[in-house]
Amino acid sequence: MPDTSDLFASSEPSRRELLGAALAAPALGGGGGPLLHDEIDWERFLADADLVWKRMPQTWYEGPFLGNGFLGSGVYAQQGANAVRFNVQHSEVQDHRPEYGALFGLARLPVGHLTLEPVGAITGVDWRLDLWNAELTGAITTSSGSLEIRALIHNDRSVLAVEVLPSDGERGFRWTFHPEEAVSPRADPVFNRPPPPGYTANPAPSVTRHDDLELITQPLLSGGGHATAWQEVRRGARRTLYAAVAWSFPRDTAGDEAVRSVRSAARLPVEVLAADHRRWWHGYYRKSFLSLPDQRTQSFYWIQLYKVAAAARGDAPPMATTGPWLEPTPWPATWWNLNVQLEYWLIHGSNHLELDAVTRSLSKYRQNLVDQVTFPEDSAGIPRTTDMTLDNGSGLGNSGYPVGVPGQATPVPEVGNLTWALHNVWLSYRHTMDTRIVRDVLFPLLRRAINYYLHFLEPGSDGKLHLPATFSPEYGVNAPDTNYDLALIRWGCRTLVESARLLRVRDPLLPKWQDVLANLAGYPVDENGFMIGAGAPFAKSHRHYSHLLMIYPLYLVTWEQEDQRALIERSLKHWISFEGALQGYSFTGAASISAQMSRGDDAHFYLDELLRRFVQPNTMYKESGPVIETPLSAAQSVHDMICQSWDGVIRVLPAMPAAWPDVTVHNFLTQGAFLLSAARRGGRTDFVRLVSLAGAPCRVRTGIDGPFTVRSDGRKVPWRTLPGGDLELDLRRGEEVLIQARGDAVIRPVTPANQARWGLPA
């Protein structure tokens with residue numbers, strides 16, 4: 001078939017080019033705009049969300065964590081020693097032996113950890129993770145005195161700095177670096193996943209001293225390697241440790257890079273180093289605002305915003321399952337059949353497109369997506385597991401999960417992951433309305449992803465197009481016409497048709513996409529709702545909602561389609577009723593589906609179940625090892641309760657539980673590139689403010705009951721009420737409008753109904 005998938009191929013667009021509209025969006029803090037103002041004491045507000053520790057954390061799941069998308073450090077007790085452990089890990093550090101697959105030969109590699117070793121026995125800690133400043137502060141008490149600490153990972157310099165002020169009895173404390181074996185964490189026998197034949201660990205590192213600086217260089221069998229440099233600087237009684245990690249491949253330059261980073265940072269006291277670090281974080285937080293009456297949930301939400309900026313940057317690798325905090329894990333790679341998608345959802349509504357590594361990576365490494373599928377001449381796909389370049393290597397089964405082939409059992413025929421990943425790219429477009437995202441990334445790659453499906457769709461005796469057996473993550477059964485793939489095919493073809501119209505492209509495949517939309521087989525359904533696939537009922541506990549993607553997040557089958565309500569309700573109830581294999585993200589999916597159904601109390605219940613049953617003291621999460629997607633996706637579930645903007649309608653506070661009578665949201669970024677602000681007080685919406693960043697069509701469901709006024713600043717904005725009650729407004733780019741029913745148009749935090757702290761507060 002003809003292929004124009006590279007019709008718009010060009011040099012890789014920069015992040016600013018791809019996300020121009022979002023990056024131009026204003027930050028908060030200047031009064032909120034002409035039509036409303038804010039009364040937010042940011043430092044005081046975020047202090048209420050700080051994590052605190054009154055006892056020593058014993059594991060990564062309990063301790064503070066620092067990061068900047070590249071360098072990451074978790075802080076907790078060093079087991080079997082009188083010491084505090086500061087992990088030193090890096091999101092770019094991986095192996096480069098593709099013959100052993102993504103999970104061994106291309107796996108993330110552990111770097112090492114520093115231990116702070118006091119003179120006396122540790123007797124207690126009093127720590128605070130200061131979200132506003134992205135710093136850990138506090139004290140360690142010992143039998144010989146105390147150590148005041150202040151730690152941060154610098155936003156730009158990618159350096160860990162730990163300032164320590166010891167008491168007289170603790171002046172003799174010391175630091176020690178412990179390099180870790182450069183081997184895939186999956187190789188640990190505890191995980192019972194043996195490495196492929198011939199796989200061995202990399203050589204031992206070498207340690208050298210350069211005056212007062214220690215350099216640990218880790219060579220790799222494949223060439224290149226990584227290096228860690230660290231040194232201490234004394235300024236009066238204060239001693240400050242500076243540490244950095246560098247990676248290089250195939251060149252062997254990591255050592256020099258690590259030394260330069262440490263030497264440069266070490267010239268500056270922490271207070272000076274922290275100035276531009278704080279400026280970045282303060283500007284980051286001010287881009288959006290959300291306040292809830294439930295302090296525990298509100299704090300959890302803001303910790304996720306801290307966490308995602310500590311784990312992700314637009315120019316960093318796509319988040320692996322552990323983010324930058326590599327720990328012992330069977331999952332030392334990037335997973336594309338759910339994890340990446342969930343990890344990045346919250347960046348859209350919270351107005352943080354600067355963290356979008358998915359769009360950049362899919363664009364930069366598109367050739368790997370082409371090279372890893374059958375029919376590379378016109379198709380593309382992404383394996384379930386990849387390294388940071390989206391490569392699965394030669395991994396098969398235990399070593400990695402390549403893109404399968406429909407109708408063939410081996411490798412596992414899981415083929416829809418690229419299409420689902422491109423839905424994240426589509427969300428970045430819809431929240432910025434920057435057509436360059438569509439032109440340069442979404443359209444050419446989605447065209448290839450759908451082309452892969454087109455090679456296998458065949459008409460059946462019913463005249464419909466059917467798909468051979470594929471795999472619905474992660475049910476464990478291959479089936480024809482899986483709902484996972486049918487939903488993605490429908491969404492993909494619809495998006496291609498819309499994209500061709502947007503780009504004014506006369507694509508030769510347009511008739512084929514339209515034919516697929518008209519004739520694709522219906523979703524397999526039985527008395528319990530959506531099945532896994534044809535002949536494969538949903539009949540066992542299953543953590544993944546892959547068979548329900550048409551409901552969420554694709555919104556192809558919605559609660560607003562009244563004839564689909566019984567099916568949606570039946571499917572959700574049946575899926576979530578099987579307890580055995582449910583995990584945390586099962587409950588975030590159930591919460592978001594409930595929010596689509598406008599059932600705020602149900603969504604709130606599922607969120608509470610997640611927090612009660614799965615989320616760890618520091619808001620991290622585990623499934624056989626550390627994984628970070630679930631708490632981040634829970635923040636998106638909160639977003640889905642606060643605002644939904646699918647299908648061209650902005651739904652304001654659509655799923656409010658009775659427990660949240662008061663809510664404030666400010667500069668929430670919606671599809672269509674609008675900044676939404678709203679306040680709910682006493683169970684009623686007082687006002688809605690919208691700012692148009694792109695001049696897109698604006699339709700809003702305010703949720704305001706009773707009379708209201710519509711005001712604008714400058715030109716009188718035309719508006720009308722549609723038959724169903726939605727408002728349609730003619731907002732030009734840069735214009736704002738205030739829809740007000742009562743009260744004052746002020747953005748202020750709501751009063752929490754309870755007090756709660758994450759960490760180990762007691």
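The values are calculated or read from the model by the stated rules, or taken from the named source; none is laboratory data. Keep in mind the model is a prediction, meaning the values are calculated, not measured. FYI the Cβ positions are ideal-geometry reconstructions off the backbone, even for glycines, and counts take in every protein chain you see. The accessibility values were calculated without ligands, DNA or RNA, using every heavy atom of the protein model including side chains. Shrake-Rupley method; radii C 1.70, N 1.55, O 1.52, S 1.80 Å.
Considering amide H positions built from the backbone, and no H for Pro or chain starts, which residues 5 or more places from Met531, or on another chain, come under 5 Å of its amide H?
For Met531, the qualifying residues are Val525, Asp526.
Write out the GluC sites (Glu not before Pro) in the stretch 511-613 meeting two conditions: DSSP loop, and at most 14 other Cβ atoms within 10 Å of their Cβ.
Glu527, Glu579
Just to confirm, what accessible area per residue do you get for the stretch 27-87 at 1.4 Å probe, in whole Å²?
Here the per-residue accessible area is 35 Å².
Efficiency by 1/(1 + (r/R0)^6): what FRET value for Arg494 and Leu396, r their Cβ-Cβ distance, R0 = 45 Å, to the nearest 0.05?
Here the calculated transfer efficiency is 0.85.
Give me the percent relative contact order of the stretch 116-229, please, defined on Cα pairs under 8 angstrom at least 6 residues apart.
16 percent
Could I have the simple spin-label model distance between Leu510 and Glu560, label points 7 Å from Cα toward Cβ, reported in nm to one decimal?
2.6 nm
Each label point is 7 Å from the Cα along the Cα-to-Cβ direction; what then is the distance between the points at Arg260 and Arg235, in nm?
The answer from the label model is 2.4 nm.
How much area per residue is accessible in the stretch 385-516 when the probe is 1.4 Å and only protein heavy atoms are counted (Å²)?
Here the residues of the stretch 385-516 average 31 Å² of exposed surface.
Over the chain, what percent of the accessible surface lies on carbon and sulfur atoms, probe 1.4 Å?
Here it works out to 49 percent.
Evaluate E = 1/(1 + (r/R0)^6) for Leu503 and Gln616, where r is the Cβ-Cβ distance and R0 equals 51 Å; express this FRET efficiency to the nearest 0.05.
0.65
Full extension from Asp371 to Glu99: what is 0.36 nm times the residue separation minus their Cα-Cα distance, to one decimal in nm?
Gain on extension, Asp371 to Glu99, equals 96.4 nm.
How much length is gained if the chain between Arg44 and Val710 is pulled fully straight, taking 0.36 nm per residue apart and subtracting their Cα-Cα distance, in nm to one decimal?
236.5 nm
When the helix-only estimate is applied to the chain (DSSP H runs of n ≥ 4, each -39,500 (n - 2.57), divided by the residue count), what is the mean residue ellipticity at 222 nm, nearest 500 deg cm²/dmol?
Dividing the helical sum by the residues of the chain leaves -8000 deg cm²/dmol.
How far apart, in nm, are two points set 7 Å out from the Cα along the Cα-to-Cβ line at Asp726 and at Asp252?
The two pseudo-label positions are separated by 6.3 nm.
Quick one: work out the % antiparallel among DSSP beta bridges in the chain, nearest 5.
The antiparallel fraction comes to roughly 95 percent.
Going 7 Å from the Cα of Arg681 along its beta-carbon direction, which residues of the stretch 690-707 have the amide nitrogen within less than 16 Å of the resulting point?
704-705
Just want to confirm a number: the relative contact order over the stretch 148-196, from Cα pairs under 8 angstrom separated by 6+ residues, in percent.
After rounding, I find 22 percent.
By its C-alpha gyration tensor, with a ≥ b ≥ c as the square roots of the eigenvalues, how is the chain shaped: rounded for a/c under 1.5, else prolate for a/b larger than b/c, else oblate?
oblate
Per residue, how much accessible area does the stretch 596-703 have with a 1.4 Å probe, in Å²?
Per-residue accessible area for the stretch 596-703 comes out at 25 Å².
List the lysines whose alpha-carbon lies under 17 Å from that of Lys573, not counting same-chain residues fewer than 8 positions away?
Cross-link targets: Lys540.
Tell me the trypsin sites (Lys or Arg not before Pro) within the stretch 540-613 that lie in a loop according to DSSP and have at most 13 other beta-carbon atoms within 10 Å.
Of the trypsin sites (Lys or Arg not before Pro), the ones in loops of the stretch 540-613 whose Cβ has at most 13 other Cβ atoms within 10 Å are Lys540.
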